[in-house]
Amino acid sequence: MKLKVALLPGDGIGPEVIDEAVRILKTIGELCDHDFEFIEKLIGGVAIRDCGSPLPVETLDACFASDAVLLGAVGAPRYDDLPPDKRPEAGLLTLRRALGGYANLRPVVFYDALAPSSPLRPETARGADILIVRELLGGLYFSEPRGFVVEAGKQIAAYNTLRYETYEIERVAHIAFQAARQRRRKVTSVDKANVLETSQLWRETVTRVAASYPEVSLEHLYVDACAMRLVTHPQRFDVILTENLFGDILSDEAAVINGSLGTLASATIGGAIDLYEPVHGSAPDIAGRGIANPIGAIASAALMLRYTAHLEQEASDIETAIRQVLDAGYATPDLQSEATRCVVGTAEMGQLITEALAEIV
Ligand code: NAI
Ligand code: MG
């Protein structure tokens, strides 16, 4: 298998965690005889510093010449005074738009070893393993018309539109069902069909798509009920499929089950080029100290193997290695609790996961 990866480490802890993701990818490449090629480019504050733009043309060209993009994080405090469209974060927003991914995937797993940092009781959360598939390019955040109503110089109202085209629902539903096929074969489609017409269309369309995946079961759930059950019965979910606004909220809610920002990974797929990135930001408060948690970046690399390279075994081997190292009581400082036996830095954590992986493969 040949895979060309554009690496955009970015700012703050981005380069520190991406180094560890690359270490894992190189190891799995050697162990399983895959040819992973890396090309590294600038984005964010470092790109402003060296090229005067948060997303240089050269970076975008390299992304489009690759099979996937693996990004660290962007954001550096010294650029906080710039106008929003010139800041490091603008580079990432422009990149996401250019790549065109319409499905945002956020896996949330509960690790027994991190139970002390989860707000849920271990008996409630144990075994939870959820994949949230969020529609990313439509719905309330993008539909027109939108705006303010001004009368006699005074704002008297504001409005947004929630519109979904059938094709937008179909394409993200296919992603959710395909993902469920590789998991526990259950999709929960989340909507508000008792109130919203867009949700009625959502429900009908998802039901129609489900007919192409007879091995996957489908249930529909109202978003308010889903919000409750995520924290009362998280184990009941496999894949959650939902629209942009609901997905934004539910994915952050689900993230607390895991208990740690540093371990969360994401994929944005369906567009021209797939984009993989940890959920956390550039963490300027701990950057440069070698203590950042690389698990979110490493787990993002695993998602890249699963969804772009279709290397399911390799992806799940990396996830198993992460779990084993956590179970053995190793933790970066952000994960430290009474269950921790040994606190390690970024590179040590990456090395431990690599060693565990070599045993598994
Ligand atoms: P943040 O995620 O960078 O940090 C929040 C807190 O979590 C900090 O205390 C940080 O030390 C800790 N943290 C985050 N990732 C960690 C890791 N891997 N290991 C250990 N601890 C970790 O969010 P914050 O502070 O709101 O933003 C900092 C900068 O990052 C800002 O410039 C912001 O715009 C940017 N940002 C970028 C994102 C991206 O590139 N996707 C996402 C979120 C924020
Ligand atoms: Mg959010």
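Just to verify a result, which residue in segment 65-84, among those that are away from ligand 1 (no atom under 16 Å from the Cβ) and within 20 Å of the chain's Cα centre (by Cα), is nearest to residue 295 (Cα to Cα)?
First, the residues of segment 65-84 that are away from ligand 1 (no atom under 16 Å from the Cβ): 65-68.
When the remaining residues are screened for being within 20 Å of the chain's Cα centre (by Cα), the result is 66-68.
Values: 66: 23, 67: 22, 68: 19 Å.
Per the criteria, the residue is 68.
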Q. Quick check: anything in segment 280-291 touching a residue at least 40 places away in the same chain (Cβ under 8 Å), buried (at least 16 other Cβ atoms within 10 Å of the Cβ) and within 16 Å of ligand 2 (Cβ to nearest atom)?
A. yes
Q) So, in segment 219-251, of the ones that are over 19 Å from residue 184 (Cβ atoms) and either touching a Phe, Trp or Tyr at 6+ places or on another chain (Cβ under 6 Å) or aliphatic (A, V, I, L, M) (or both), which residue ends up farthest from ligand 1 (Cβ to nearest atom)? A) 225
**Q.** segment 324-352: number of residues that are modelled with pLDDT under 95 and small (Gly, Ala, Ser)
**A.** 2
**Q.** Residues of segment 147-203 that turn out to be exposed (fewer than 13 other Cβ atoms within 10 Å of the Cβ), at negative phi and without any contact (Cβ under 8 Å) to a residue 24 or more places away in the chain, as a count
**A.** 13
**Q.** Selection within segment 231-274 - buried (at least 17 other Cβ atoms within 10 Å of the Cβ), more than 16 Å from ligand 2 (Cβ to nearest atom) and within 13 Å of residue 101 (Cβ to Cβ)
**A.** 269, 270, 271, 273, 274
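Any residue in segment 93-100 that is assigned by TED's automatic domain parsing to the domain that holds residue 331, of a type in the set (D, E, K, R) and under 19 Å from residue 300 (Cα atoms)? Write out each step before concluding.
Start the filter on segment 93-100 by keeping residues that are assigned by TED's automatic domain parsing to the domain that holds residue 331, which leaves 93-100.
Narrowing further to those that are of a type in the set (D, E, K, R): 96-97.
Cutting the leftovers down to under 19 Å from residue 300 (Cα atoms) gives us 96.
Yes, there is a match, as at least one residue in segment 93-100 is assigned by TED's automatic domain parsing to the domain that holds residue 331, of a type in the set (D, E, K, R) and under 19 Å from residue 300 (Cα atoms).
Taking segment 185-222, which residues are in a strand (DSSP E or B) and hydrophobic (A, V, I, L, M, F, W, C)?
187, 190, 218, 221
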(Q) Quick check on segment 295-316: of everything there that is surrounded by fewer than 20 Cβ atoms within 10 Å (Cβ to Cβ) and in a helix (DSSP H, G or I), which residue is nearest to ligand 1 (Cβ to nearest atom)? (A) 316
Q. Is it true that some residue in segment 267-274 is touching a His at 6+ places or on another chain (Cβ under 9 Å), assigned by TED's automatic domain parsing to the domain that holds residue 101 and within 16 Å of ligand 1 (Cβ to nearest atom)?
A. no
Q. Before we move on, is residue 217 more than 16 Å from ligand 2 (Cβ to nearest atom) and of a type outside the set (Lys, Arg)?
A. yes
Q) From the residues in segment 323-337 that are in a loop (DSSP other than H, G, I, E, B) and surrounded by fewer than 20 Cβ atoms within 10 Å (Cβ to Cβ), which one is nearest to the chain's Cα centre (by Cα)? A) 336
Q: Can you tell me which residue within segment 54-87, out of those that are within 26 Å of residue 20 (Cβ to Cβ), without any contact (Cβ under 8 Å) to a residue 40 or more places away in the chain and out of contact with any Lys or Arg (no Cβ under 8 Å at 6 or more places or on another chain), is surrounded by the fewest Cβ atoms within 10 Å (Cβ to Cβ)?
A: 78
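Yes or no, residue by residue, for (1) under 16 Å from residue 15 (Cβ atoms); (2) part of a helix (DSSP H, G or I); (3) at pLDDT below 95:
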{"site": "42", "(1), (2), (3)": "yes, no, no"}
{"site": "59", "(1), (2), (3)": "yes, yes, no"}
{"site": "63", "(1), (2), (3)": "no, yes, no"}
{"site": "72", "(1), (2), (3)": "yes, no, no"}
{"site": "75", "(1), (2), (3)": "yes, no, no"}
Q | Single match in 23, 97 (criterion: away from ligand 2 (no atom under 16 Å from the Cβ), free of Cβ contacts under 8 Å to residues at least 12 places away in the same chain, under 30 Å from residue 258 (Cα atoms) and under 21 Å from the mean Cα position of the chain (by Cα)) | A | 97
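Quick one: which of 354, 340, 320 is part of a loop (DSSP other than H, G, I, E, B) and hydroxyl-bearing (Ser, Thr, Tyr)? Steps first, please.
Numbers: 354 fails: part of a loop (DSSP other than H, G, I, E, B); 320 fails: part of a loop (DSSP other than H, G, I, E, B).
Every option except 340 fails the conditions.
The values are calculated or read from the model by the stated rules, or taken from the named source; none is laboratory data. Bear in mind the structure is a predicted one, so any value in this text is a computation, not a measurement. Quick reminder, even Gly has a Cβ in these numbers, built from the backbone with ideal geometry, and neighbours come from all protein chains shown.
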